[in-house]
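Read through the structure below, which is laid out as structure tokens, and then see the notes.
The values are calculated or read from the model by the stated rules, or taken from the named source; none is laboratory data. No experiment lies behind these values; they were computed from the predicted model shown. Here the Cβ positions follow ideal geometry from the backbone for every residue, glycine too, while neighbour counts run over all protein chains shown. Side chains are part of the model used for accessible areas, which takes the heavy atoms of the whole protein and leaves out ligands, DNA and RNA. Shrake-Rupley method; radii C 1.70, N 1.55, O 1.52, S 1.80 Å.
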Amino acid sequence: MKVVVDMNKCQDHGQCVFAAPDVFSFDDAGRLAYVSEPDEALRAEVEEAADVCPLQAIRIEA
Amino acid sequence: MIKLPGLTGRIVVAGASMGGLRAAEQLRAAGWLGSITVVGEEPHLPYNRPPLSKEVLAGRAPFESLAFALRDSVADVEWRLGTRVTGADLDDRWVELERVDAEGTEGAGERLAFDGLVVATGMRPRRLRCPGPTVGRHTVRTLADAEGLRTELLRPGVRVVVVGAGFIGCEVAATAVALGAAEVTVVDPEPLPMLRPLGEVTARELLRRHRERGVRFALGTGVTAFTGDERVTGVLLGDGTELPADVVVESVGSVANTEWLAGNVLDLSDGVLTDEQLRVGGLPHVVAVGDVARFPNPRYDNVPRRVEHWCIPGDTAKHAARTLVSHLVGETAGPAPFAPLPTFWSDQHDFRLQSFGAPVLGTGDVRVLDGDTSGDVVMGYHRDGRLVGVVALGGRAAAGAAVRYRAELLRQPALTAS
Ligand SMILES: Cc1cc2nc3c(=O)[nH]c(=O)nc-3n(C[C@H](O)[C@H](O)[C@H](O)COP(=O)(O)OP(=O)(O)OC[C@H]3O[C@@H](n4cnc5c(N)ncnc54)[C@H](O)[C@@H]3O)c2cc1C
Ligand code: SF4
């Protein structure tokens, strides 16, 4: 699966990091980092992350 | 005849905002294969409300950016938009509908039968009942509200009075200052902004930050009347002062949209009361989600409360959908009791308030956990010596520090366990 975060929208709320820690994390500078092609097995986690993002900045493409 | 559970039948979702959408998605995720009809009074598909008092008001977010993405799993959901639910019989299992549009109402009295019902009708702003003109007085709940208010805030030299220093009032005041309003004054009968949810120490710091950024406050006094003939020109306060005002924003709390449930022997005294599985009135085929649901939280003291936080529609929908679907397909065991960790944020000026847990339960014992009060700070809220909530105030560093305490909150034993 393919994940895209609109970094213009993202405001570092970190909700995605709680929901899908295998895919989303904060780097040392406190900026969001993420795996753009996570394993299909993580789909439920990633969907949860997309749901809980306050800015609705996470898109799942395919 | 063998009835295939979950394949036939209809679930009606009343309310087409975030709670209604998340309910539809979660019903599918819980295995419901029957039909789903979502009925909503607003003309729009579900959209995100938090930007209404921030980015939308500031002109930084067009409507297209607010609409929630619709997943494939809800592609076959029937949306009855611009339609109000006017009544319901929970035993006979039907709701009564009425079309609403700019011209008025039509088709009143159409009945729609259901097997399961999700109550997701949310809240509407409470209005002030004071004498005086009504033109120039605004609330912020819907897109139409935000667009109407924005037009008025852009008038040159505009003087704004915000009544109510809750989070929506504080956000609107901050946005109005950023838009260049000549004067922005927040009025509240309490001595500090957001005092009830945040407690004194944090509220005092919030007040200082707002004042520093140009917001004025008239605290410890309420509004008694609006002055002006056709349109508001001022606000009369209980202490006798009159504030000149071109625009008034009323952010004095909200009222639950539950009138349509009247006549069903339910506790509708403050939203709709549910049990720990989010069932309404003890009925296994009716659940409630979102702002309107008053649910007990066994993580804390089990006292049923409504929680008007953005995370709640999603959390409640996930749980309520499992409760409802397991009943409708004839499973006996429902999910474990609902015990969410509430999270909340509010963006004001250049800082963010970020909260985890239930600080409101610990305002009697607030300690600085991290940072210092006048900068980036994390406050811990305690009840019976236990951490029940954290609130971060400041920039990214504060929010980041608060995250560390979230895990600690999740580890705390339930308050009821003492
Ligand atoms: C301006 C604003 C800013 C916010 N900012 C934040 C924030 O920064 N952080 C945060 O955590 N939370 C915030 N919130 C709170 C959050 O948006 C709400 O908790 C959330 O919208 C609740 O969703 P809901 O679906 O339960 O209710 P609602 O969004 O109120 O939706 C209920 C829907 O039901 C419809 N309806 C009502 N009665 C009927 C009827 N009889 N028939 C049919 N339809 C009906 C309504 O038209 C509405 O569309 C904010 C809220 C507002 C209004
Ligand atoms: S939840 Fe959304 S806003 Fe927050 S860090 Fe993740 S993508 Fe960014």
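What you get for the protein assembly as shown, charging only the Cβ of Lys and Arg (+1) and of Asp and Glu (-1), is a dipole of about 640 debye around the Cα centre. Here A:LYS9 is the anchor, and the aspartates and glutamates within straight C-alpha reach of less than 13 Å, apart from those fewer than 8 places off in the same chain, are B:GLU55.
In this view, the solvent-accessible surface of A:HIS13, computed with a 1.4 Å probe and all protein chains in place, comes to about 20 Å².
With both labels modelled 7 Å from their Cα along Cα-to-Cβ, the B:ARG111 to B:GLU78 distance reads 1.6 nm. Eigenvalues of the alpha-carbon gyration tensor of the stretch B:124-190, scaled by 5 and square-rooted, set the equivalent ellipsoid semi-axes at 17, 14, 13 angstrom, largest first. Here the scattering of the stretch A:2-61 is modelled by Debye summation over its C-alpha atoms, one equal scatterer each and no solvent; at q = 0.14, 0.15, 0.19 Å⁻¹ the log10 of I(q)/I(0) is -0.30, -0.35, -0.57. The heavy atoms of A:CYS53 offer some 20 square angstrom of accessible surface to a 1.4 angstrom probe. For the stretch B:350-411, compute Rh as the Kirkwood radius over C-alpha pairs and then the Stokes-Einstein diffusion coefficient at 4 °C and 1.567 mPa s; write the answer in µm²/s, rounded to an integer. This corresponds to a translational diffusion coefficient of 116 µm²/s.
Calculated FRET efficiency, A:SER36 to B:SER269, Cβ-Cβ distance, R0 = 60 Å: about 0.75 to the nearest 0.05. When Rg and Dmax are taken over the Cα atoms of the protein assembly as shown, they come to 22.7, 74 Å. Short-range pairs are left out: with C-alpha atoms under 8 Å and at least six residues apart, the relative contact order of the stretch B:81-137 is 23 percent. Estimated from helices alone, the mean residue ellipticity of chain B at 222 nm is -6500 deg cm²/dmol (sum of -39500 (n - 2.57) over DSSP H runs with n ≥ 4, per residue). Calculate the tail of P(r) for the stretch B:163-225: the fraction of all Cα-Cα distances greater than 20 Å, expressed in %. Cα-Cα pairs of the stretch B:163-225 separated by over 20 Å account for 18 percent. Annotation for the stretch B:203-233 versus chain A: alpha-carbon center distance of 39 Å.
Considering only DSSP beta bridges whose two residues both sit in the protein assembly as shown, what percent are antiparallel, to the nearest 5?
For the protein assembly as shown, the DSSP antiparallel bridge percentage is about 65.
Evaluate the charge dipole of the stretch A:2-61 about its Cα centre and quote only its size in Debye, nearest 20, assuming +1 on the Cβ of each Lys and Arg and -1 on the Cβ of each Asp and Glu.
Magnitude of the dipole: close to 240 debye.
Relative to the longest principal axis of the Cα atoms of chain B, helix B:167-178 runs at roughly 50 degrees. Size of the stretch B:127-252 from its Cα atoms: along the principal axes, largest to smallest, the extents are 41, 29, 25 Å.
Only aspartates and glutamates eight or more places from B:LYS318 in sequence, or on another chain, were considered; those with a Cα closer than 16 Å are A:GLU45, A:GLU47, A:GLU48, A:ASP51, B:GLU25, B:ASP275, B:GLU276, B:ASP291. In order along the stretch B:144-151, the Karplus-derived 3J(HN,Hα) couplings, from 6.51 cos²θ - 1.76 cosθ + 1.60 at θ = phi - 60°, round to 4, 4, 5, 5, x, 5, 4, 3 Hz, and Gly and Pro are given as x. Remark: the stretch B:141-243 carries a charge dipole of roughly 320 debye about the Cα centre, counting +1 on each Lys and Arg Cβ and -1 on each Asp and Glu Cβ. For B:ARG404 and B:ALA182, the difference between the fully extended length at 0.36 nm per residue and the C-alpha to C-alpha distance is 75.9 nm.
Here the stretch B:7-65 is described by how far its Cα atoms reach on the three principal axes: 46, 22, 15 Å, from widest to narrowest. The contact between chain B and chain A removes approximately 1500 Å² from the accessible area (both sides summed; 1.4 Å probe; ligands, DNA and RNA excluded).
In this structure, the amide hydrogen of B:GLY220, modeled 1.01 Å from its nitrogen in the peptide plane, lies closer than 5 angstrom to those of B:ASP188, B:GLU190, counting only residues at least 5 positions away or on a different chain. The slack in the chain from B:ALA102 to B:ASP229, taken as 0.36 nm per residue of separation less the alpha-carbon distance, amounts to 43.1 nm. If you line up the long axis of helix B:311-328 against the longest principal axis of chain B, both from Cα atoms, how many degrees apart are they, to the nearest 10? On a 0 to 90 degree scale, this one is about 10. Using C-alpha pairs below 8 Å separated by at least 6 residues, the relative contact order for chain B is 15 percent. For the set B:ILE36, B:ILE168, solvent exposure ranked by accessible area (probe 1.4 Å, protein chains only) runs largest to smallest as B:ILE168, B:ILE36.
Counting Cβ atoms of other protein chains within 10 Å of each Cβ in B:390-400 and taking the mean gives 2. Ligands, DNA and RNA are left out, and with a 1.4 angstrom probe the accessible area of the stretch B:300-418 is 40 Å² per residue. By the rule of a C-alpha distance below 14 Å, with chain neighbours fewer than 8 residues away ignored, the aspartates and glutamates paired with B:LYS54 are B:ASP145, B:GLU147, B:GLU171, B:ASP347, B:ASP350. Solvent exposure of chain A amounts to 50 Å² per residue of accessible area, where only protein heavy atoms count and the probe is 1.4 Å. Taking amide H positions as modeled 1.01 Å from N, with prolines and chain starts lacking one, the residues under 5 Å from B:ALA225 and 5 or more places away or on another chain are B:LEU236. Between B:ALA336 and B:SER35, the modelled labels are 3.8 nm apart [label points 7 Å from Cα along Cα→Cβ]. Positive contributions from Lys and Arg (+1) and negative ones from Asp and Glu (-1), summed over other residues with Cβ under 15 Å from the Cβ of B:GLY157, come out at -1.
As a ratio to 2.2 N^0.38 Å, the alpha-carbon radius of gyration for the stretch B:218-361 is 1.40.
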